[in-house]
Amino acid sequence: MSPLQRHQATPLVDYSIKSMQDAADFNAGEIIAPVKKVGKETDTYYIYNLAQQFRRPSTLRSDKEPSKRIDFTELSTGAYSLKIHSLEMPISKVDRESSDPAVNPDLDAIDELTRGILLDRETDIALKIFTTTGVGGVTLTDGAYDQDTITSSPITDINSGTAAILRNTGRKANFMFMGHRTFKILSEHQDFLDRIKWSSLGVMTENLMGQVLNIEKVAVNNVIQRTTNEGISATTGFLFDTKVLVGFN
């Protein structure tokens, strides 16, 4: 009797292979659009007139004359409307009783539902923020920051962005958010390597890049998504790929 006849293939009960993404990688919501708790499903919020801010008032007065009177900044309002997002995955008694421990349906459902909601949120932020109407910015040609392109100056470009934020809002940029590929390219650019070559490691990290740029937090997003329709060979790509956002919150 051959070995194949003496053994029937049986799946291992404590081992399976599944592609998973760490929940910590879904950081766009935390960095770019942190949660704001509200009491109503729809309501408004106040907006101060930026054009009236940062104007130098006339403070001189003659002896015994009244001080120049100024008024509050004009206010306008914006509106918000909450949207409900949800997913469900039915699990039957048969699913639980017929599944091996290595493919626990309850754990699989928690993983699929959690990451489905997180990916939808990240994609929504990408579509809303990283557009020409979402935020102001510049578009750089492919290869602009390749380490062989000695004419490129990413630190200067980023500093110009933080200066523009401070000049227009009075607030200092406290975060820079970017995709995985952009961080890898910048971390190998001579502009940054020259600044850290005397550091203990000489290897660019998110914290070290923040110190070089004087930005409190540098965050890299590693979220991937499938870019092909169901039924077609899977092709994945980075959600934020070549995007960079500098801002404050």
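Here are a few things to note about the model shown:
- Loop-located GluC sites (Glu not before Pro) in segment 170-249 whose Cβ has at most 14 other Cβ within 10 Å (DSSP): Glu188, Glu216, Glu230
- Low-density loop positions, trypsin sites (Lys or Arg not before Pro), segment 170-249 - DSSP coil, at most 15 other Cβ in 10 Å: Arg171, Lys172, Lys197
- Restricting the chymotrypsin sites (Phe, Trp or Tyr not before Pro) of segment 174-227 to loop positions (DSSP other than H, G, I, E, B) with no more than 12 neighbouring Cβ atoms within 10 Å leaves Trp198.
- Ellipticity estimate at 222 nm from DSSP helix runs (n ≥ 4, -39,500 (n - 2.57)) divided over the chain, nearest 500: -9000 deg cm²/dmol
- Look at where the Cα atoms of segment 209-229 and of segment 9-73 average out, and the two centres are 19 Å apart.
- Within the listed set Ile215, Ile117, Ile70, the Gaussian network model of the chain (springs between alpha-carbon atoms below 10 Å) gives the highest mean-square fluctuation for Ile70.
- Listed candidates [x] 28; [y] 33; [z] 58 - label of the one calculated as percent of Cα pairs over 27 Å apart: [z]
- Average accessible surface for the chain: 76 Å² per residue, computed with a 1.4 Å probe over protein heavy atoms with every protein chain in place.
- As a rough guide to protection, the peptides 79-91, 155-167 ranked by mean Cβ packing within 10 Å, highest first, stand as 155-167, 79-91.
The values are calculated or read from the model by the stated rules, or taken from the named source; none is laboratory data. This is a predicted model, so every value here is computed, not measured. Note that we place each Cβ from the backbone using ideal geometry, even for glycine, and neighbour counts take in every protein chain shown. Note: areas computed on protein heavy atoms with side chains; ligands, DNA, RNA excluded. Shrake-Rupley method; radii C 1.70, N 1.55, O 1.52, S 1.80 Å.
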